[in-house]
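Each value in this text was obtained by applying a stated rule to the coordinates, not by laboratory testing. These figures come from a predicted structure and were not determined experimentally. Cβ atoms come from the backbone with ideal geometry, glycine included; neighbour counts cover every protein chain shown.
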Amino acid sequence: MTPELIDPEVAAATFDTHLRDFFTSGRGRGEGWCRIDLDDLHTVVQLPAVRENGTVDCYFVRLGAEYYDVWPPTVAFVRKTQTGEWVEAAEGTRWWPNQRNAPGFSFGLHPRYAYPDQSIRQLVCFSHSFDYYLSSHTANDPERWRHGTHTVSATLSRIAQALHAPNYIGPSGDRDS
Amino acid sequence: MSNHQTAEAAPGKDLTVVIHDEDSGGQPHQVHAGPGTPVREVIDRFYKELATGRQDGDRLYCLATGQNVFSHAEEHLGDYQNTSCTALEWGFSRPTGGA
């Protein structure tokens, strides 16, 4: 099935409703979470990552709703530049996490992934991220994103679980960029 | 005071387990049970409320620690609260793929 863009007004309204819900009733109401809207279809979510010793690091994840919620949101770890622009975070910086692939479900972080269309960019690799379906991975049926069941809550909750000790080690480096 | 919904003693000393369906979001489920109730019974009541049964790959975890709830099924809820998940706030999700 080839993903098709959703009517932007419909996608934006659904995305906003589900995000509000997550920040009201889900993990988003906890400490360290916040939402920075970029436009109707794009939001940066700050989320806390917890190391083994209890240290909390904050990361920023940009979500895109172009295909939402027939498909999951696009997901990328980002950092803010001095000019205020949000750009993809690179491995070896404090904005890209060092994460073990053992959060109790399949999850992977690829800072430079070669997509079938020849582009090379980040892949937050799990079945609640849109780019997963553009990569060469295939989800088993029970693992696939289900329109009408899954929401952005599933996306953000899985990332939060992956970024919690013992699955999370710390930032991948000290550099800012 | 936090606006988080956490376990609290209700009249009759029942405990409240708050369970978030983290796949779909929305208002969390609540299961009320006495401290001597097996955790397994709370799990069963939650699934009954969902009108579904447990499936391979289902995950039920203490939100504060990430610890698997299923592995505590035979403990009494009060003991489980004291030793493993003070807030009695759980997350629920079905399988996720990736690599």
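Cβ-Cβ distances below 7 Å connect the following pairs, each with a first residue in the stretch B:73-99 that is within 12 Å of chain A (Cβ to nearest Cβ), a second residue that is surrounded by fewer than 18 Cβ atoms within 10 Å (Cβ to Cβ) and of a type in the set (Asp, Glu), and a separation of six or more residues or different chains: B:ARG94/B:ASP58. Exactly one residue out of A:ALA65, A:ALA76 is among the small types (Gly, Ala, Ser), in contact with a helix residue (DSSP H, G or I) (Cβ under 6 Å, 6 or more places away or on another chain) and more than 14 Å from A:ALA162 (Cα to Cα), and it is A:ALA65. Residues of the stretch B:12-27 that are assigned to a loop (DSSP other than H, G, I, E, B), without any contact (Cβ under 8 Å) to a residue 40 or more places away in the chain and not hydroxyl-bearing (Ser, Thr, Tyr): B:ASP14, B:GLY25, B:GLY26, B:GLN27. If the condition is being within 16 Å of B:CYS62 (Cα to Cα) and of a type in the set (Val, Ile, Thr), then the stretch B:25-49 contributes B:VAL31, B:VAL39, B:VAL42, B:ILE43. Give the residue, chosen from A:PHE60, A:PHE15, A:PHE22, that is assigned to a strand (DSSP E or B) and aromatic (Phe, Trp, Tyr). Of A:PHE60, A:PHE15, A:PHE22, the one residue that is assigned to a strand (DSSP E or B) and aromatic (Phe, Trp, Tyr) is A:PHE60. In this structure, does A:ASP141 turn out to be charged (D, E, K, R), at negative phi and touching a Leu at 6+ places or on another chain (Cβ under 9 Å)? Spelling it out, it is not the case that A:ASP141 is charged (D, E, K, R), at negative phi and touching a Leu at 6+ places or on another chain (Cβ under 9 Å).
Restricted to the stretch B:50-72, and to residues there that are more than 8 Å from chain A (Cβ to nearest Cβ) and among the aliphatic types (A, V, I, L, M), the residue that is farthest from the chain's Cα centre (by Cα) is B:ALA51.
The sole residue among A:GLU4, A:GLU52, A:GLU31 that is closer than 23 Å to A:THR149 by Cβ and loosely packed, with under 14 Cβ neighbours inside 10 Å is A:GLU4. A search for C-beta distances below 7 Å between a residue of the stretch A:146-157 that is within 7 Å of chain B (Cβ to nearest Cβ) and any residue that is crowded, with 24+ Cβ neighbours inside 10 Å and assigned to a helix (DSSP H, G or I), counting only pairs 6+ apart in sequence or on different chains, returns A:THR151/A:HIS18; A:SER153/A:HIS18; A:SER153/A:PHE22. Which one is farthest from the other protein chains (Cβ to nearest Cβ), of the residues in the stretch A:86-115 that are within 21 Å of B:ARG94 (Cβ to Cβ) and in contact with a Gly (Cβ under 6 Å, 6 or more places away or on another chain)? Step by step, filter the stretch A:86-115, then rank; the result is A:ASN101. Yes or no: B:GLU22 closer than 30 Å to A:TYR132 by Cα, touching a helix residue (DSSP H, G or I) at 6+ places or on another chain (Cβ under 7 Å) and of a type outside the set (Gly, Ala, Ser)? Yes; evaluated as a whole, the condition is true for this residue.
Residues of the stretch B:68-89 include at least one that is under 16 Å from A:ALA160 (Cα atoms) and not hydrophobic (A, V, I, L, M, F, W, C). Residues in the stretch A:116-145 that are more than 9 Å from chain B (Cβ to nearest Cβ), outside any loop (DSSP other than H, G, I, E, B) and not aliphatic (A, V, I, L, M): 6 in all. Which of the residues that make up the stretch A:1-41 are touching a residue at least 60 places away in the same chain (Cβ under 8 Å) and over 10 Å from A:ALA65 (Cα atoms)? Matches in the stretch A:1-41: A:PRO3, A:GLU4, A:HIS18, A:LEU19, A:ASP21, A:PHE22, A:GLY26, A:ARG27, A:GLY28.
Restricting the search to the stretch B:51-99, which residues are in contact with a His (Cβ under 8 Å, 6 or more places away or on another chain), within 30 Å of A:PHE130 (Cβ to Cβ) and of a type outside the set (Phe, Trp, Tyr)? Listed by number, the residues that qualify are B:LEU63, B:GLY66, B:GLU89, B:GLY91, B:THR96, B:GLY97, B:GLY98, B:ALA99. Here the stretch A:128-156 is the region considered, the condition is being touching a His at 6+ places or on another chain (Cβ under 8 Å) and of a type in the set (Ser, Thr, Tyr), and the residue that is farthest from A:ASP21 (Cα to Cα) is A:THR155.
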